[in-house]
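To start, the structure itself, in structure tokens.
The values are calculated or read from the model by the stated rules, or taken from the named source; none is laboratory data. What you are looking at is a predicted structure, and each value in this text was computed from that prediction instead of being measured. So basically every Cβ, Gly included, is an ideal-geometry build from the backbone, and we count neighbours across all protein chains shown. Side chains are part of the model used for accessible areas, which takes the heavy atoms of the whole protein and leaves out ligands, DNA and RNA. Shrake-Rupley method; radii C 1.70, N 1.55, O 1.52, S 1.80 Å.
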Amino acid sequence: MKILLVEDDEFIGESIKDYLELQNNRVDYYSSPLKALEEVYPSHYDIYLLDINMPEMNGYEFYNELKRYASDVPVIFITAYSDMDHVEKAFELGAADYIKKPFELKELELRIKRLVFKKTSEVKITDDYNFDIKNLKLFYKGEEVELTPNEKYFLEILVKNIGQVVDMETLKDYIWEEKSVCDNTLRTQVKKLRAKLKENFIKNVRGSGYKIEKQ
């Protein structure tokens with residue numbers, strides 16, 4: 001899964017990032033909420049992990065900004081506060097969970113999994129194709145289709161936005177992250193993936209991007 005982490009304490013932030021990446025997650029970590037707002041695409045993420053007490057902008061304010069573009073992404077607030085006023089405010093804003101420092105990293109991992117995978121992780125694409133979002137695996141009639149990491153990320157974002165067009169820039173940013181690639185690189189990626197499929201469920205929307213239709 002892809003996680004946005006914003007925590008101004010760099011020791012804590014790097015520790016969380018390192019741990020979650022060892023569990024095969026993709027973590028974008030920022031110690032500055034203002035920089036994060038400049039660079040992130042809120043809808044790219046499966047979950048937000050946000051510290052509350054930050055100097056530039058507190059976690060509540062930051063989350064309100066993210067909700068303008070992606071209101072359905074769950075958030076776990078991370079804080080040293082223990083009073084009920086802060087807990088209440090977090091849930092009033094729509095927090096899915098709340099964890100107090102200090103905490104075990106394993107506990108945070110379990111809380112994330114509970115929220116992200118509380119529903120089935122397997123999505124039906126066609127009668128014969130299913131995609132497992134949790135494990136980034138494509139199945140044809142129950143048999144796994146061999147995919148490269150980039151092919152997995154491409155299908156992941158399309159499946160998460162099934163029925164909607166995902167534009168070219170969003171796709172390139174999601175798959176290659178900070179690397180600069182041209183549109184032809186993405187088109188080549190799609191062509192190679194289609195060659196592995198027995199039916200073409202990846203639709204090209206001319207001048208916009210790609211999509212998978214809802215069944």
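Filtered by the rule that a residue be in contact (Cβ under 8 Å) with a residue 24 or more places away in the chain and either among the small types (Gly, Ala, Ser) or in a helix (DSSP H, G or I) (or both), the range 187-206 gives 189, 190, 192, 193, 196.
When residue 84 is tested against (1) within 30 Å of residue 165 (Cβ to Cβ); (2) at pLDDT below 85, just one condition goes unmet, and that condition is (1).
Here residue 90 fulfils each of the conditions (1) surrounded by 16 or more Cβ atoms within 10 Å (Cβ to Cβ); (2) among the aliphatic types (A, V, I, L, M); (3) more than 27 Å from residue 135 (Cβ to Cβ); (4) at pLDDT 90 or above apart from (4). Please state which of the following conditions residue 133 fails to meet, knowing it meets all the rest: (1) of a type outside the set (Ser, Thr, Tyr); (2) at pLDDT 90 or above; (3) in contact with a helix residue (DSSP H, G or I) (Cβ under 9 Å, 6 or more places away or on another chain). Single failed check for residue 133: (2). Scanning the range 175-195 for any residue that is open to solvent by 80 Å² or more (accessible area, probe 1.4 Å) and at positive phi turns up nothing.
Return the total of residues in the range 74-96 being of a type in the set (A, V, I, L, M, F, W, C), more than 12 Å from residue 52 (Cα to Cα) and free of Cβ contacts under 8 Å to residues at least 12 places away in the same chain. Total satisfying the criteria: 2. Is it true that some residue in the range 99-119 is touching a Lys or Arg at 6+ places or on another chain (Cβ under 8 Å), under 30 Å from residue 201 (Cβ atoms), at pLDDT 90 or above and surrounded by fewer than 17 Cβ atoms within 10 Å (Cβ to Cβ)? The answer is no; no qualifying residue exists.
Residue by residue through the range 130-162, note down the ones that are assigned to a loop (DSSP other than H, G, I, E, B) and either open to solvent by less than 30 Å² (accessible area, probe 1.4 Å) or aromatic (Phe, Trp, Tyr) (or both). Spell out the reasoning first.
First, pick out the residues of the range 130-162 that are assigned to a loop (DSSP other than H, G, I, E, B): 133-136, 141-142, 146-148, 161-162.
The answer is 136, 147.
Going by the structure shown, is residue 24 more than 22 Å from residue 93 (Cβ to Cβ) and either β-branched (Val, Ile, Thr) or open to solvent by 50 Å² or more (accessible area, probe 1.4 Å) (or both)? The answer is yes for residue 24. For the range 40-75, residues that are in contact with a helix residue (DSSP H, G or I) (Cβ under 6 Å, 6 or more places away or on another chain), buried (at least 19 other Cβ atoms within 10 Å of the Cβ) and of a type in the set (A, V, I, L, M, F, W, C) total 7. Any idea which residue in the range 1-21 is most open to solvent (accessible area, probe 1.4 Å), counting only those that are out of contact with any helix residue (DSSP H, G or I) (no Cβ under 6 Å at 6 or more places or on another chain) and of a type in the set (Asp, Glu)? If we take residues in the range 1-21 being out of contact with any helix residue (DSSP H, G or I) (no Cβ under 6 Å at 6 or more places or on another chain) and of a type in the set (Asp, Glu), then 10 is most open to solvent (accessible area, probe 1.4 Å).
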